[in-house]
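Please treat every number below as a calculation from the coordinates, not as lab data. Not measured: the values here are computed from a predicted model. So basically every Cβ, Gly included, is an ideal-geometry build from the backbone, and we count neighbours across all protein chains shown.
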Amino acid sequence: MGDRLRFFINRIRERLWVKPLVFSVLSAVIVFLIKMVDAAAIGQLVPAITEQSIKTLLTIITGSMLMIATFAVGSMVSAYASASNNATPRSFALIVADDDSQNALSTFIGAFIYSVVALLAMENGYYGEAGRFALFVLTLLVLTMVIVTFVRWVDRIARLGRLKGTIEKVEKAAAAAIQRRRCAPTLGGVPAQREAEPAGQAVYSDAIGYVQQIDVAALQRCAEKLKVHITLSALPGTFAAPGRALAFISSDAHDVLPVDTEQMRAAFLIGDDRKFEEDPRFGLVVLAEIAGRALSPAVNDPGTAIYIVGVFVRLLAQWSKPVAESDSDACEYDRIAVPELSSEDMFDDAFTAIARDGAGAIEVAGRLQKGLASLASIENEAMRAAALHHSQMALARAENALQLPEDLQIVRDLAGLCSNCKAE
């Protein structure tokens, strides 16, 4: 339930209207709560504040905040469009979820609602002497907060939607997903044998889309209730369709039982798009898309592809690191078998597109070989095998694309260095 709740909270964070709504409600509530200061009978102890001075401040905030909020929305929409056009539409969710921009917009709208409600309350004589003083102090605080937020937000919006900032956000999301999967490579279940074909009653999807999240705890409860074992054949990021089995059920006696699979299907959350949190490979795919767009003839930006090769080396090096026992999640679900992600699949997601699209650019092909050589030197046999395979594939593509013999010789020499790399 914790993972499912976290997943839905992250989806709420991607909704641009949630924080402004919360700030607006809180602003209106605070205006009315200020009335409680009048009940404290401290009117003789506070300085006298004229209604006109408060109304002037509130009028300034009311007149400016709506315009600033409109400007903020326009700037954010432009940043979102820039991220989609310059990077990839798959990065849109990360840009929308930017906390600084959402907080700025929420502050501007909340200040507008606060000033309107407070101005109406003042016009109707809602406050006493102490209440007016409290409202005056709070209005000054709101005005200060708006100014500070606007100055910080201008600096932030100048970077939001820029290509490098988008790449950094995708890398951060991919690194977080990789770290979670490193700590729980089987999602809390037991390892499933990849080589063995799952046997038993299949659980098929009744929806078409991508597996976004799996409630392994719910599957464990179903398995304990029915006294069966469940082997997952679909992980977050898998495309589900009616003919695609999500899991297989086998009984303790190794025979197939005709069980109701409705509750098991409900444990698989399926949607139209892949999500970053539970799907480490998706971050690699999105970064590869950005690199592919940068290498297109219309953009012709090999520097971005070279930078992303470095990002891939960082992410895959993180993936290869052994997990400390204190960070590793214990096996909680002994009746659920889950296949681990393979290094080969992750290398395919990361390097295939760059090797294909950058084969004709010596700077990209050379940096790719250097990056793969770095990964091949890591003390991890699966990682080394995948790096060597992609080094040879990239070399084969370069041999078909590069026309200058000197360029081709450089790539061959670098590929030879990759083949000779030894684990450190």
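Note on the stretch 141-251: Rg/Rh from C-alpha atoms, Kirkwood Rh, equals 1.23.
FRET efficiency for the residue 321 to residue 50 pair, using the beta carbon distance and R₀ = 45 Å, is estimated at 0.10. Under a 5 Å amide H cut-off, with hydrogens placed 1.01 Å from N, residue 251 pairs with 229, 257 among residues at least 5 apart or on other chains. Of all beta bridges that DSSP places with both ends in the chain, some 80 percent have antiparallel geometry. Helical content alone sets the calculated 222 nm signal of the chain at -20500 deg cm²/dmol, taking -39,500 (n - 2.57) per DSSP H segment of four or more residues and averaging over every residue. Taking a sphere under 14 Å around the Cβ of residue 356 and counting the other residues whose Cβ falls inside, with K and R at +1 and D and E at -1, yields a net charge of -3. Report, in listed order, any pair from 19/55; 19/164; 164/321; 275/370; 19/275 with a Cα-Cα distance greater than 24 Å. Among 19/55; 19/164; 164/321; 275/370; 19/275, the Cα-Cα distance tops 24 Å for 19/55; 19/164; 164/321; 275/370. Close amide H contacts of residue 342 (hydrogens built in the peptide plane, cut-off under 5 Å, sequence separation of 5 or more or a different chain): none are found. Based on Cα atoms of the stretch 317-423, Rg over Rh with Rh as the Kirkwood radius reads 1.12.
Would you mind getting the Kirkwood hydrodynamic radius of the stretch 186-271 from its Cα pairs, rounded to one decimal in Å? The Cα-based Kirkwood calculation yields 12.9 Å. Candidates 20, 189, 294 compared by Cα position along the dipole of the chain: farthest toward the positive end lies 20, with charges placed on Cβ. By the Stokes-Einstein formula, at 0.890 mPa s and 25 °C, the stretch 222-292 with its Kirkwood radius over alpha-carbon pairs has D equal to 172 µm²/s. Principal axis extents of the C-alpha atoms in the chain (largest first, rounded to whole Å): 83, 65, 39. Taking the Cα atoms only, what angle lies between the long axis of helix 280-294 and the longest principal axis of the chain, rounded to 10 degrees? For helix 280-294, the angle is close to 90 degrees. Fully extending the segment from residue 344 to residue 417, taken as 0.36 nm per residue of separation minus the present Cα-Cα distance, adds 24.2 nm. Each peptide among 109-115, 290-296 gets the average number of other Cβ atoms lying within 10 Å of its residues, and from highest to lowest they stand as 109-115, 290-296.
Electrostatic bookkeeping for residue 301 treats Lys and Arg as +1 and Asp and Glu as -1; over the other residues with beta carbon under 12 Å from its beta carbon, the sum is 0. Using θ = phi - 60° and the Karplus form 6.51 cos²θ - 1.76 cosθ + 1.60, what ³J(HN,Hα) does each residue of the stretch 264-270 get, whole Hz, x for Gly and Pro? In residue order, the calculated couplings are 5, 4, 5, 6, 9, 8, 10 Hz. Segment residue 301..residue 8, full-extension length gain: 101.8 nm, with 0.36 nm per residue of separation and the alpha-carbon distance subtracted. For the chain, the longest principal axis of the C-alpha atoms and the axis of helix 18-33 are separated by about 20°. What does the charge count around residue 129 come to, taking other residues whose C-beta lies under 14 Å from its C-beta (Lys +1, Arg +1, Asp -1, Glu -1)? Counting the neighbours of residue 129, the net charge comes to 0. Extension gain, residue 385 to residue 331: 0.36 nm times the residue separation minus the Cα-Cα distance gives 16.6 nm.
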